[in-house]
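Input: a single structure, listed below in structure tokens.
The values are calculated or read from the model by the stated rules, or taken from the named source; none is laboratory data. Quantities reported herein were computed from a predicted structural model and do not represent experimental measurements. Neighbour counts run over all protein chains shown; Cβ positions are idealised from the backbone, glycine included.
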Amino acid sequence: MVELKFFEKVAARAGVTPETARSLTQATLGTLAERISGGEAADLADHMADELRPFLVKGREDPEAFAYDEFLRRVAERAGVERGIAERGVRAVLQTLHRVVGHREFEDAMSQLPTDLRALAEPVPRAP
């Protein structure tokens, strides 16, 4: 049930179908796990629904070093979507993740990302 609500929130934030939200969530969490340390990924997983935890598990402690464009490329490829949808999806997943795991845990993980990737977690200002 928690997993379903996560996908619904991602779908609403990204403006995609629930099925696409599921693919984007899995791709984003898997790519995030590659980009942060194994310990941080495990800490995030501890706060997630059982069904989402496997996407944050990684086989090694060391993070891979790759930038914004590669992060989006991996998510787009894994989710089977174009880059613009991947970018909206990553933003939606990170914002939803922030609400689920709490501010402190989220900030610990985001501190391992470059500034442009961290910016995806920031809410987009609404037009006046």
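If LEU44 meets every condition in (1) touching an Asp or Glu at 6+ places or on another chain (Cβ under 8 Å); (2) closer than 23 Å to GLU77 by Cα; (3) touching a residue at least 60 places away in the same chain (Cβ under 8 Å) apart from one, which number is that one?
(2)
If you check LEU72 against the conditions, is it farther than 18 Å from HIS98 by Cβ, at pLDDT 90 or above, assigned to a helix (DSSP H, G or I) and among the aliphatic types (A, V, I, L, M)?
Answer is yes for this residue.
Evaluate the following for ASP108: is it of a type in the set (Asp, Glu), touching a residue at least 12 places away in the same chain (Cβ under 8 Å), assigned to a loop (DSSP other than H, G, I, E, B) and farther than 20 Å from ARG13 by Cβ?
For ASP108, the condition - of a type in the set (Asp, Glu), touching a residue at least 12 places away in the same chain (Cβ under 8 Å), assigned to a loop (DSSP other than H, G, I, E, B) and farther than 20 Å from ARG13 by Cβ - is not met.
List the number of the failed condition for ARG60; all other conditions in (1) part of a loop (DSSP other than H, G, I, E, B); (2) under 15 Å from the mean Cα position of the chain (by Cα) hold.
The one condition ARG60 does not meet is (2).
Say we look at the stretch 88-123 and pick out the residues that are among the β-branched types (Val, Ile, Thr) and closer than 16 Å to LEU24 by Cβ; which of these is modelled with the lowest pLDDT?
Applying the filter and picking the extreme gives VAL100.
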